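Reading through the structure tokens given below for one structure.
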Amino acid sequence: MAFWRRRDGAKRRRFGCLPIFLTVLILMILLIVIIAWPRAMPQSETLPAAVAAPRPVPLRTVQSFAGIADTDQRSVALFTEAGRVIQHPRCLNCHPRTDSPTQTDAMRPHSPAMARGADGLGLPTLRCSTCHHDANFAASGVPGNPKWRLAPIEMAWQGKSLSEICKQLLDPGRSHMSREELLHHMAHDDLVGWAWHPGGDRTPAPGTQQQFGALIDAWLKTGAKCPS
Ligand code: HEC
Ligand code: HEC
């Protein structure tokens, strides 16, 4: 009996292998089909569009200072507001107290290192105009203006307080500009105007050149008082 039982069991085992073998076979075929099934190749993705230009920061209007009854105080307040433009990196980068301009909002040293040269236009071997052309050049990110050059050393603003800059602007010994010329320069000069259209992702100076000119005009008309 034992013998037969063993043979029976062996027979059952042999039959039991077939479904397992078939299942494995089917699974393998399925796997091959899944792996080999044609599907779309990964497509190249479009990168997000260039970072939007920074939003302009507003400047207070002359009228908004009308509430300050004291003329001297109003004059100081007007210049302090205009100082937000004067001490903006867009202006300070060109008014350094060394012989080299600075760059970016962080006012890093200009790269490559530049020397002022006799005329503020660089050394004979490396002129500002080698890289800075008549207009901003989007492809290279180099800002431009036909008059691009460094402000003379006696007009240095970096590292000075607004009070010091104010007194320096009005000091005929240091500046060669009369008050009328100063107003015209600030309100209409297109090199100064570049600061509101600096190109690239540079932060423009607050407000508009027209609003800035109006603040300077009102400051001069109220006696051109300097903050202490
Ligand atoms: C690309 C360089 C550059 C930038 C940017 C620049 N300036 Fe100047 N700035 C000059 C130069 C050069 C002079 C000298 C102009 C002259 O002698 O005719 C000057 C002179 C001045 C003066 C006369 C100062 C004095 O003591 O007589 C004022 C005011 C002035 N700039 C205002 C500004 C303001 C405000 C900004 C920013 C909104 C600005 N500048 C941005 C180059 C620059
Ligand atoms: C070899 C090329 C080259 C030369 C020469 C050169 N620059 Fe530049 N300059 C650049 C580039 C590039 C930038 C822009 C850097 C950035 O914004 O990251 C720049 C930026 C500046 C800025 C910063 C503007 C801002 O507010 O962000 C000032 C100011 C400046 N240059 C002044 C000058 C002056 C003045 C001269 C001549 C004495 C000069 N550069 C010569 C290449 C040059």
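Using the 10 angstrom Cβ neighbour count as an exposure proxy, how do Leu126, Leu215 rank, fewest first?
The order, fewest Cβ neighbours first, is Leu126, Leu215.
Would you list which aspartates and glutamates come within 17 Å of Lys167, measuring only between C-alpha atoms, while excluding same-chain residues fewer than 8 positions from it?
Cross-link targets: Asp72, Glu81, Glu154, Glu180, Glu181, Asp217.
Are there cysteines in the chain with no second cysteine's Cβ under 4.7 Å away, and if so, which?
Cys17, Cys91, Cys94, Cys128, Cys131
How would you classify the chain from its alpha-carbon gyration tensor, with a ≥ b ≥ c the square roots of the eigenvalues: rounded for a/c under 1.5, else prolate if a/b is greater than b/c, otherwise oblate?
prolate
List the residues, sorted by chain then number, that are 5 or more residues from Val142 or on another chain and whose placed amide H is less than 5 Å from its amide H.
So Val142 has HN proximity to Phe137.
In Å³ and rounded to a whole number, note down the convex hull volume per residue for the Cα atoms of the range 128-228.
119 Å³
Can you pull the one-decimal nm distance between simple spin-label points at Leu170 and Ile32, each 7 Å off the Cα toward Cβ?
For Leu170 paired with Ile32, the spin-label model returns 9.4 nm.
At 0.36 nm per residue, and after removing the present C-alpha to C-alpha distance, how many nm does the segment from Gln210 to Gln103 gain when stretched out fully?
Contour length minus the Cα-Cα distance gives 36.0 nm.
Would you calculate a helix-derived [θ] at 222 nm for the chain, using -39,500 (n - 2.57) for each DSSP H run of n ≥ 4 and dividing by the full residue count, to the nearest 500?
After summing the helix terms and dividing by the residues of the chain, the value is -13000 deg cm²/dmol.
Using Cα pairs closer than 8 Å and at least 6 residues apart in sequence, work out the relative contact order for the range 107-228, in percent.
The normalised contact order for the range 107-228 reaches 19 percent.
Could you give the size of the charge dipole of the chain about its Cα centre, using +1 on the Cβ of each K and R and -1 on the Cβ of each D and E, expressed in debye and rounded to the nearest 20?
So the magnitude is around 2560 debye.
Could you please report the charge total around Ala77, scoring K, R as +1 and D, E as -1 over all other residues with beta-carbon less than 14 angstrom from its beta-carbon?
After counting each charged neighbour, the total is +2.
Read-outs throughout are calculated quantities, based only on the coordinates presented, and are distinct from any laboratory measurement. Because the structure is a prediction, the values reported are computed rather than measured. Reconstructed Cβ throughout: ideal geometry from the backbone, glycine too, with neighbour counts over all protein chains shown.
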